[in-house]
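Take a look at the structure set out below.
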Amino acid sequence: MSRVGKQPVSLPQGVRVHAADGVVRVEGPKGTLERRIEPEVSAVVEGGAVIVRRSDDSRRGRSLHGLTRKLIGNMVHGVSQGFSRVLEINGVGYRAEARGNVLYLTLGYSHPIAFQLPPGISAKVDRQVVVTLEGPDRELLGQTLAAIRELRPPEPYKGKGVKYAEETIRRKAGKAAAGGAR
């Protein structure tokens, strides 16, 4: 049996879970999330916890068991506490500014980039080069971070670009100087 899948998801104070007809809906102080689960697994709310069970021992059922439990756990954590990740912008003249749900980025192109944040994701900019994104949906947050990073990925020679705060960029040596002029 799946070691992750057999663990129940405990529900914190103020979080409600509704599981019916292959759809799990989690409501909490940070919002509401909904996800359709595969027919090989089912979720049941029992005494302040969500228990994920699989219908059979097929390979697909076993693989979806732990995945579904972790996805429901992420939904519960997201609506109760939320998720946040940090991006750093490195480069001369590179900066960011958050206005409402639009993130304006100057990344060395001939024009500033207006990045529209999806609903539920909020951005906060510190010192014009540190961007903190927050939201209840971990999957949507990760997709948004990847899309922003893709606008100017960090390059290995000078380290310029947008990177995750915990990411380390492997640097390369530049072109070696020639031995003399001829």
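Bear in mind these aren't lab numbers, they're just calculated from the coordinates by the rules spelled out. Computed from a predicted structure; not experimentally measured. Positions of Cβ are backbone-derived with ideal geometry, glycine not excepted, and every protein chain shown enters the neighbour counts.
Distance between the 7 Å Cα→Cβ label points at residue 143 and residue 4: 1.9 nm. On a 0 to 90° scale, report how tilted helix 59-80 is relative to the longest principal axis of the chain, with both axes built from alpha carbons and the result rounded to the nearest 10. So the inclination is approximately 70 degrees. How far is helix 138-151 tilted, in degrees, relative to the longest principal axis of the Cα atoms in the chain, given as a value from 0 to 90 rounded to the nearest 10? Helix 138-151 sits roughly 20 degrees off the main axis of the chain.
Under Stokes-Einstein, with the Kirkwood radius over Cα pairs standing in for Rh, what whole-number D in µm²/s applies to segment 83-164 at 4 °C and 1.567 mPa s?
Values: Rh = 12.6 Å.
The Stokes-Einstein estimate is 103 µm²/s.
Let's see if you can work this out: charge +1 on each Lys and Arg Cβ, -1 on each Asp and Glu Cβ, no other charges. What is the dipole magnitude of segment 83-164 about its Cα centre, in debye to the nearest 20? For segment 83-164, the charge dipole is close to 240 debye.
Suppose R0 equals 25 Å; then what is the FRET efficiency for residue 167 and residue 104 from their Cβ-Cβ distance, rounded to the nearest 0.05? Don't skip to the end; give the middle numbers.
Details: r = 23 Å, r/R0 = 0.91.
Calculated transfer efficiency: 0.65.
Candidate cross-link partners of residue 6 among the lysines, defined by an alpha-carbon separation under 17 Å and a same-chain spacing of 8 or more, comprise 70.
Residue 56 sits among other residues whose Cβ lies under 13 Å from its own Cβ, and their net charge, with Lys and Arg +1 and Asp and Glu -1, is +2. At an R0 of 41 angstrom, the distance between the Cβ atoms of residue 63 and residue 175 translates into a FRET efficiency of 0.30.
Assuming R0 = 25 Å, can you tell me the calculated FRET efficiency for the pair residue 158 and residue 113, based on Cβ-Cβ distance, to the nearest 0.05? Calculated value: 0.80. With all pairs of different C-alpha atoms in the average, the Kirkwood value for the hydrodynamic radius of the chain is 19.1 Å. Pairwise Cα separations in segment 1-92 fall into 5 Å bins from 0 onward with the following percentages, short to long: 3, 14, 24, 22, 15, 8, 5, 4, 3, 2, 1, 0.
Rounded to the nearest 500, what is the chain's calculated 222 nm mean residue ellipticity when only DSSP H runs of at least 4 contribute -39500 (n - 2.57) each, over all residues? Numbers along the way, then the final one.
Details: 2 runs with 36 residues, N = 182.
Roughly -6500 deg cm²/dmol at 222 nm, from the helical runs in the chain.
Quick one: net charge of residue 70's neighbours, Cβ under 13 Å, K/R +1, D/E -1? Spelling it out: positives minus negatives among the neighbours equals +4.
With the charge dipole of the chain set up from +1 on Lys and Arg Cβ and -1 on Asp and Glu Cβ about the Cα centre, the Cα lying farthest toward the positive end among the listed residues 109, 66, 47 is that of 109.
Could you order the peptides 52-62, 166-176 from most to least packed, using the average number of other C-beta atoms within 10 Å per residue? Don't jump to the answer; show the numbers that get you there.
Details: 52-62: 14.5, 166-176: 9.0.
Per-residue mean Cβ counts within 10 Å order the peptides as 52-62, 166-176.
Reported to the nearest whole Å, the Cα centre-to-centre distance from segment 30-63 to segment 68-89 is 18. Connecting C-alpha atoms closer than 10 Å in a GNM of the chain, tell me which of 130, 44, 79 has the biggest fluctuation. Residue with maximal mean-square fluctuation among 130, 44, 79: 44.
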